Ligand code: NI
């Protein structure tokens, strides 16, 4: 069942909100607000979560495969946590840069630990762990 709510905003804030959601391709405010609420709930789900609880996340990294020993190190890290990794996608971006995306499912603390290990590896140019959700509580 859908519930309707009213929100009071000052004009300037509403103007900025409308510009933001137009830029992001939303055709109406309701869908934009719903997505923002869901995003906050996912953040809360992760921050409240018992670290033993199963969560889902996506790790993203960009690195130079010519950098000494780096791709070997990153492959090692992944094999050490093979039971967390649902799938990986590797894209050869140009002559030297690689993009890798890992879909992860496992205990929250283990996902966070693998995410931190990847992003802190010397030579990784860009690394990020994106908390996702199993969808159970949304
Ligand atoms: Ni590559």
Item checked: CD proxy at 222 nm, helix term only [per DSSP H run n ≥ 4: -39500 (n - 2.57); per residue of the chain; nearest 500] -> -13000 deg cm²/dmol
Check: Is region 54-131 rounded, prolate or oblate when judged by the Cα gyration tensor, a ≥ b ≥ c being the square roots of its eigenvalues, rounded requiring a/c under 1.5 and prolate requiring a/b larger than b/c?
Finding: prolate
Notebook entry, point to check: Could you state the number of Å between the C-alpha centres of region 68-138 and region 1-54?
Noted result: 27 Å
Next item on the list: Highest first, please rank the peptides 56-69, 103-116 by the mean number of other Cβ atoms sitting within 10 Å of their residues.
Entry: 103-116, 56-69
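Every number here is computed from the coordinates shown, using simple stated rules; none is lab data. Only a predicted model underlies this, so the values are computations on that prediction, with no experimental measurement involved. Virtual Cβ from ideal backbone geometry, glycine too; neighbours counted across all protein chains shown.
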